[in-house]
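*Asks:* Handing you this structure, nothing more for now.
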Amino acid sequence: MKRILIEAGLGEKKLVIVKNKDAEYLRDALLEHYPKLKDGGGYELMRSSSRILLETVSIPSCGYTTHYMSDESGLGSAICYIRPLQAQLSLDVEERIEVC
């Protein structure tokens, strides 16, 4: 399954984001790296937890900001998982454009 997700452009990626940016910046960064999220009808962010496998990161009134996500109330040092809310994302292989 991990290979299928990677080929579909939905696999694990390391995102480097600027701290102290607003929710719009974080949304745009996620959509840039995972464009298929646009078809998911929204998404929620989840984190790994020692108590349970995954737990939802609560959404503050200002949305998911980069400052909030780096705080312990958001992600802290946990791995972030993105779950589409209304639709399953396509697992079709993403076309890659090679630049020579």
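The values are calculated or read from the model by the stated rules, or taken from the named source; none is laboratory data. Computed from a predicted structure; not experimentally measured. Note: ideal-geometry Cβ built from the backbone for every residue, glycine included; neighbour counts use all protein chains shown. Just the protein is used for accessible areas: all its heavy atoms, side chains included, with ligands, DNA and RNA removed. Shrake-Rupley method; radii C 1.70, N 1.55, O 1.52, S 1.80 Å.
*Asks:* Go through (1) in a helix (DSSP H, G or I); (2) surrounded by 11 or more Cβ atoms within 10 Å (Cβ to Cβ) for E55 and report which single condition fails.
*Replies:* (1)
Condition check ((1) out of contact with any strand residue (DSSP E or B) (no Cβ under 8 Å at 6 or more places or on another chain); (2) at pLDDT below 85; (3) open to solvent by 70 Å² or more (accessible area, probe 1.4 Å)) across all residues:
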residue: K21; (1), (2), (3): yes, no, yes
residue: E24; (1), (2), (3): yes, no, yes
residue: R27; (1), (2), (3): yes, no, yes
residue: K38; (1), (2), (3): yes, no, yes
residue: M46; (1), (2), (3): no, no, no
residue: E94; (1), (2), (3): yes, yes, no
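*Asks:* Just need a number here: residues in segment 1-19 that are in a helix (DSSP H, G or I) and open to solvent by 90 Å² or more (accessible area, probe 1.4 Å). Don't jump to the end; show me each part of the working.
*Replies:* Initially, segment 1-19 is screened for residues in a helix (DSSP H, G or I), giving 2-7.
Now narrow it down to the ones that are open to solvent by 90 Å² or more (accessible area, probe 1.4 Å): 2-3, 6.
Residues meeting the conditions: 3.
*Asks:* Within segment 30-52, which residues are touching a residue at least 12 places away in the same chain (Cβ under 8 Å), assigned to a helix (DSSP H, G or I) and over 16 Å from Y81 (Cβ atoms)?
*Replies:* First pass over segment 30-52, keeping only residues touching a residue at least 12 places away in the same chain (Cβ under 8 Å): 30, 33-37, 39-49.
Checking which are assigned to a helix (DSSP H, G or I) leaves us with 30, 33, 35-37, 39.
Residues satisfying the conditions are P35, D39.
*Asks:* State all residues of segment 1-37 that are touching a helix residue (DSSP H, G or I) at 6+ places or on another chain (Cβ under 6 Å) and of a type outside the set (A, V, I, L, M); if no residue qualifies, say none.
*Replies:* G11, K13, K19, N20, K21 - these are the residues of segment 1-37 that are touching a helix residue (DSSP H, G or I) at 6+ places or on another chain (Cβ under 6 Å) and of a type outside the set (A, V, I, L, M).
*Asks:* Out of contact with any Pro (no Cβ under 7 Å at 6 or more places or on another chain), surrounded by fewer than 13 Cβ atoms within 10 Å (Cβ to Cβ) and modelled with pLDDT of 80 or more, is that true of G76? Even if it seems obvious, please write down each step before you answer.
*Replies:* Details: out of contact with any Pro (no Cβ under 7 Å at 6 or more places or on another chain): yes; surrounded by fewer than 13 Cβ atoms within 10 Å (Cβ to Cβ): yes; modelled with pLDDT of 80 or more: no.
Here the answer is no, as G76 does not meet what is asked.
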